[in-house]
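Heads up: the structure comes next, in structure tokens.
The values are calculated or read from the model by the stated rules, or taken from the named source; none is laboratory data. All values reported here derive from a predicted model rather than from experimental measurement. Note: ideal-geometry Cβ built from the backbone for every residue, glycine included; neighbour counts use all protein chains shown.
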Amino acid sequence: MKDMGEASVILGVKIIRKGDSILLSQEKYTEKLLKKFGHYDFKSVNTPYNANSKLKKNRGEYISQTQYAQIIGSLLHLMSFSIPNNVYTVGRLSRYTQCPS
């Protein structure tokens, strides 16, 4: 066993120490996902999810079932580490993994 000092990244989660606090960041992983799925150049918005809204059938651009499952899986991974407030939204979207269109 070898002591390599304090860890700065573990499983893609960047660890930032500031005084007595520790900050966990997945900024690079999030950027990688946005680039992978072609949404990197979009502007971000703060839109809370309305739990009473009904999801409608996709009438826009077609997305394959495999790619939809990859997006949902990536969001589940991201959410489990750093964005727990998106649990309901991602969980609701994951119900449509079998037939996203």
Inset, instruction - Please give the number of the condition residue 17 fails out of (1) surrounded by fewer than 10 Cβ atoms within 10 Å (Cβ to Cβ); (2) of a type in the set (Lys, Arg); (3) not in a loop (DSSP other than H, G, I, E, B). - result: (1)
Legend entry - Selection count, the stretch 34-60, where residues are surrounded by 10 or more Cβ atoms within 10 Å (Cβ to Cβ) and within 20 Å of residue 96 (Cα to Cα): 3
Legend entry - Cross-chain or 6+ apart pairs with Cβ under 6 Å, the stretch 71-83 first and part of a helix (DSSP H, G or I), then crowded, with 17+ Cβ neighbours inside 10 Å and modelled with pLDDT of 85 or more: 74/33
Legend entry - Which listed residue is farther than 26 Å from residue 97 by Cβ and either under 16 Å from the mean Cα position of the chain (by Cα) or modelled with pLDDT under 85 (or both), from 10, 15, 63: 10
Legend entry - Residue that is modelled with the lowest pLDDT [pool: residues in the stretch 84-100 that are in a loop (DSSP other than H, G, I, E, B) and surrounded by 13 or more Cβ atoms within 10 Å (Cβ to Cβ)]: 100
Inset, instruction - Could you check how many residues of the stretch 32-70 are in a helix (DSSP H, G or I) and over 15 Å from residue 93 (Cα atoms)? - result: 5
